[in-house]
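Read through the structure below, which is laid out as structure tokens, and then see the notes.
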Amino acid sequence: MENEPSPELAILFDFYERLPRKGPGSKASTLRALELLKQLPSEPRVVDFGCGGGASTLPLAEAGCRVSAVDIHQPFLDEVMTAARAAGLSDRITTHAADMGEPPFPNESFDLIWAEAAIYNIGFNEGLKRWRPLLRSGGKIAVSEVTWLSDSPPQEIVEFWHREYPAITMIAENEERLVNAGFKLIDSFPLPMQDWADYYEPQQIELDRYRTEHADDPTAQAVMDALQEEIDVWRRYGEHYGYVFYLGEKKLAD
């Protein structure tokens, strides 16, 4: 946490501070995933890794959860608490400036682990492995992960994702990874295309504005180029991939 971010990461943080969502998703998809997780306590203890500005944190708190919101970027956590106070939910949310790869919690602290569009930062397998001990017996996990939705995606999109995130794979393989990590698979479902549209539309507006504001900064322009490529790729090939929610329950040790 003491290390200063790279210039590129600092630009990304500054850019996403201006946006309501830091990754694809929606309140409806968050609540759908929560509804599929049966037999939770009446006020489940939840850790929301990579919470960003609270796009999933607040719906979870509204639904009765007590949420520990974790992000490495303090301004995102400040955004969470500003929104929580405005919604009358600040008593249900605590924030933790921490690396999701080194969670600052004792084992068996939570009934539910949550991570939307975030586990890729440490890898799907690694996240499942590191986070499983945090769950109490019978605890649940809900994570979304970018996943192929097509058996034969066009070569251009294959090359893009293998460059950006080589671990991308099919739903069945991620479900198998979940089971191999010590979970019983409950369900999985892809996010609707509208979740992506609602994420990228305001991002495009802000991206164009950011380019103008930082016209003389080549690093900022390069970061915006990369973001623009991501948006353009989705516009052309979005039906071939997407974020998929994977829901599981911690199995007892064999």
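Key figures for this structure:
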| quantity | calculated |
| --- | --- |
| Conditions (1) under 19 Å from Gly127 (Cα atoms); (2) in contact with a Lys or Arg (Cβ under 6 Å, 6 or more places away or on another chain); (3) not in a loop (DSSP other than H, G, I, E, B); number of the one not met by Ala61 | (1) |
| Residue pairs meeting the criteria (Cβ under 9 Å; at least 6 apart or on separate chains; first surrounded by fewer than 13 Cβ atoms within 10 Å (Cβ to Cβ), in region 206-223; second outside any helix (DSSP H, G or I)) | Arg209/Arg18 |
| Neighbours by Cβ (under 7 Å, 6+ apart or cross-chain): first from region 71-90, touching a residue at least 40 places away in the same chain (Cβ under 8 Å) and within 22 Å of Ile119 (Cα to Cα); second in a helix (DSSP H, G or I) and among the hydrophobic types (A, V, I, L, M, F, W, C) | His73/Phe13 |
| Exclusive hit being under 30 Å from Arg132 (Cβ atoms) and surrounded by 14 or more Cβ atoms within 10 Å (Cβ to Cβ), set Tyr200, Tyr246, Tyr237 | Tyr246 |
| Residues being outside any helix (DSSP H, G or I) and surrounded by 14 or more Cβ atoms within 10 Å (Cβ to Cβ) - total across region 1-33 | 9 |
| Elements of type helices (runs of 4 or more DSSP H) in region 152-254, at least 1 residues being touching a Cys at 6+ places or on another chain (Cβ under 6 Å) and modelled with pLDDT of 95 or more | none |
| Residue satisfying all of: in region 100-115; aromatic (Phe, Trp, Tyr) and not in a loop (DSSP other than H, G, I, E, B); nearest to Ile141 (Cα to Cα) among these | Trp114 |
| Qualifying residue in region 116-132 (condition: closer than 21 Å to Pro24 by Cβ and assigned to a strand (DSSP E or B)) | no |
| Pair list, Cβ < 6 Å and 6+ apart or interchain, from region 26-39 residues that are in contact (Cβ under 8 Å) with a residue 60 or more places away in the chain to residues that are outside any loop (DSSP other than H, G, I, E, B) and surrounded by fewer than 15 Cβ atoms within 10 Å (Cβ to Cβ) | Leu36/Asp187 |
| In region 34-52, the residues that are within 13 Å of Ser109 (Cα to Cα) and buried (at least 23 other Cβ atoms within 10 Å of the Cβ) | Val46, Val47, Asp48 |
| Flag if Ser42 is hydroxyl-bearing (Ser, Thr, Tyr), within 25 Å of Gly139 (Cβ to Cβ), out of contact with any His (no Cβ under 6 Å at 6 or more places or on another chain) and assigned to a loop (DSSP other than H, G, I, E, B) | yes |
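Okay, residues lined up against (1) more than 21 Å from Phe245 (Cα to Cα); (2) of a type outside the set (A, V, I, L, M):
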position	(1), (2)
Arg163	yes, yes
Ala181	no, no
Leu185	no, no
Met193	no, no
Tyr210	yes, yes
His214	yes, yes
Val223	yes, no
Leu227	yes, no
Asp232	yes, yes
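A quick yes/no check of all residues on (1) of a type in the set (S, T, N, Q); (2) closer than 28 Å to Gln194 by Cβ; (3) touching a Cys at 6+ places or on another chain (Cβ under 6 Å):
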position: Pro24; (1), (2), (3): no, yes, no
position: Arg32; (1), (2), (3): no, yes, no
position: Arg45; (1), (2), (3): no, no, no
position: Ser68; (1), (2), (3): yes, no, no
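The values are calculated or read from the model by the stated rules, or taken from the named source; none is laboratory data. Please read these numbers as outputs of a predicted model, since none were measured by experiment. As a convention, Cβ positions derive from the backbone with ideal geometry for all residues, glycine included, and neighbour counts pool all protein chains shown.
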